[in-house]
Amino acid sequence: VQLVESGGGLVQAGGSLRLSCAASGRTFSRNYMGWFRRAPGKEREFVAQIRWSTGSKVYGDSVKGRFTISKDTAKNTVYLQMSNLKPEDTAVYSCAAATVTSTYDYWGQGTQVTVSS
């Protein structure tokens, strides 16, 4: 199973970006797909997750109202639409899959998002 993120880059504060995470490899079941981020010198932070079967969504407090997670089942892809970006959103964003339980067991390499003030 491979998870490959794309869509990161440099954006000014107040701008938007859309991240994509494409899953490939053997067919695998998934309970949840999620996005996490890690800023320099900080712990990894939960950003958002979506339950694959129902589409129910959960967001971290710091991104509520600004970020939206979605999925395209046919494309095996999960997206993170980020709006009203702030400099404190600067981080490496990684997607992850929880295939058996609610524990994330597959991770992508990450994509850098930099928000300038």
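The values are calculated or read from the model by the stated rules, or taken from the named source; none is laboratory data. Just so we're clear, the structure is a prediction, and the values are computed from it rather than from any experiment. Because the Cβ atoms are built from the backbone with ideal geometry, glycine has one as well, and the counts that use them run over all protein chains shown. Side chains included, ligands, DNA and RNA excluded: accessible areas come from the protein's heavy atoms. Shrake-Rupley method; radii C 1.70, N 1.55, O 1.52, S 1.80 Å.
Among residues of the range 105-117 that are farther than 13 Å from residue 4 by Cα, those with a beta-carbon under 7 Å from a residue that is among the polar types (S, T, N, Q) and loosely packed, with under 15 Cβ neighbours inside 10 Å at least six positions away or on a different chain give the pairs 116/12. Scan the range 74-111 for residues that are over 14 Å from residue 28 (Cβ atoms), over 13 Å from the mean Cα position of the chain (by Cα) and assigned to a loop (DSSP other than H, G, I, E, B) and the total you get is 7. For the range 80-88, check the following and say yes or no: at least one residue is under 19 Å from residue 2 (Cα atoms) and free of Cβ contacts under 8 Å to residues at least 24 places away in the same chain. Checking the range 80-88: not a single residue is under 19 Å from residue 2 (Cα atoms) and free of Cβ contacts under 8 Å to residues at least 24 places away in the same chain.
Of all residues in the range 13-29, those that are more than 10 Å from residue 76 (Cα to Cα) and assigned to a loop (DSSP other than H, G, I, E, B) have Cβ atoms under 7 Å from Cβ atoms of residues that are open to solvent by 50 Å² or more (accessible area, probe 1.4 Å) and of a type in the set (Gly, Ala, Ser), 6 or more apart or on another chain, in 13/117.
Does the range 53-63 include one or more residues that are more than 15 Å from residue 21 (Cα to Cα), of a type in the set (A, V, I, L, M, F, W, C) and not in a strand (DSSP E or B)? Scanning the range 53-63 turns up at least one residue that is more than 15 Å from residue 21 (Cα to Cα), of a type in the set (A, V, I, L, M, F, W, C) and not in a strand (DSSP E or B).
Taken over the range 78-117, the residue count meeting the criterion of being within 24 Å of residue 12 (Cβ to Cβ), out of contact with any Gly (no Cβ under 7 Å at 6 or more places or on another chain) and open to solvent by 60 Å² or more (accessible area, probe 1.4 Å) is 4. Taking residues in the range 50-68 that are closer than 12 Å to residue 78 by Cα, and partners anywhere that are part of a loop (DSSP other than H, G, I, E, B), the pairs with Cβ atoms closer than 9 Å and at least 6 places apart or on different chains are 50/56; 51/31; 52/29; 52/30; 52/31; 68/83. Of the residues 64, 57, 75, the single one that is modelled with pLDDT of 95 or more, closer than 23 Å to residue 105 by Cβ and surrounded by fewer than 16 Cβ atoms within 10 Å (Cβ to Cβ) is 57.
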